[in-house]
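The values are calculated or read from the model by the stated rules, or taken from the named source; none is laboratory data. Owing to the predicted nature of the structure, the values given are computational and were not obtained by experimental measurement. Here the Cβ is made from the backbone with ideal geometry for all residues, glycine too, and neighbour counts use every protein chain on show. Accessible surface is based on the protein model in full, side chains and every heavy atom, while ligands, DNA and RNA are left aside. Shrake-Rupley method; radii C 1.70, N 1.55, O 1.52, S 1.80 Å.
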Amino acid sequence: MTEMFDYTFAAVIFAFVNIVLLGILITTYAQNLRVIRSYFTVGMVFVAAMLLIQNIMIIGLWSTLYMESSEFMKTVDMMSHYMFVINLVQTIGLSILVWITRR
């Protein structure tokens, strides 16, 4: 159980990191939108906003499921490895995107 909890906690931590990275991207793209009015820039703001909503919903869903009942906790524990990897991969991708965007 302890090992599973670590994956769950790490997945949530990566979701929070993703929220910070997406905040940086949205801010940067919004600043660019003032100067560069293009469909691409609008699209980047929209995509980053959708990913931000996704990560907020992940945190809400996981915290709700984990605190509801022992049956839901088993489901969260079973899925925690997958969510950890998904959030880790997203964090790596967003980190690269922030690095490229801010250069």
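Taken over region 76-87, the residue count meeting the criterion of being open to solvent by 60 Å² or more (accessible area, probe 1.4 Å) and of a type in the set (Ser, Thr, Tyr) is 1.
Looking across Phe46, Phe16, one residue alone is closer than 21 Å to Gln90 by Cα, in contact (Cβ under 8 Å) with a residue 12 or more places away in the chain and surrounded by fewer than 17 Cβ atoms within 10 Å (Cβ to Cβ). It is Phe16. Restricting attention to region 55-66, does a residue exist that is under 23 Å from Thr101 (Cα atoms) and assigned to a helix (DSSP H, G or I)? Scanning region 55-66 turns up at least one residue that is under 23 Å from Thr101 (Cα atoms) and assigned to a helix (DSSP H, G or I). Assessment of region 26-40 against the conditions (surrounded by fewer than 16 Cβ atoms within 10 Å (Cβ to Cβ) and modelled with pLDDT under 90) yields at least one matching residue.
In region 54-72, the qualifying residues are those that are open to solvent by 80 Å² or more (accessible area, probe 1.4 Å) and without any contact (Cβ under 8 Å) to a residue 24 or more places away in the chain, and the one that is farthest from Ala15 (Cα to Cα) is Glu71.
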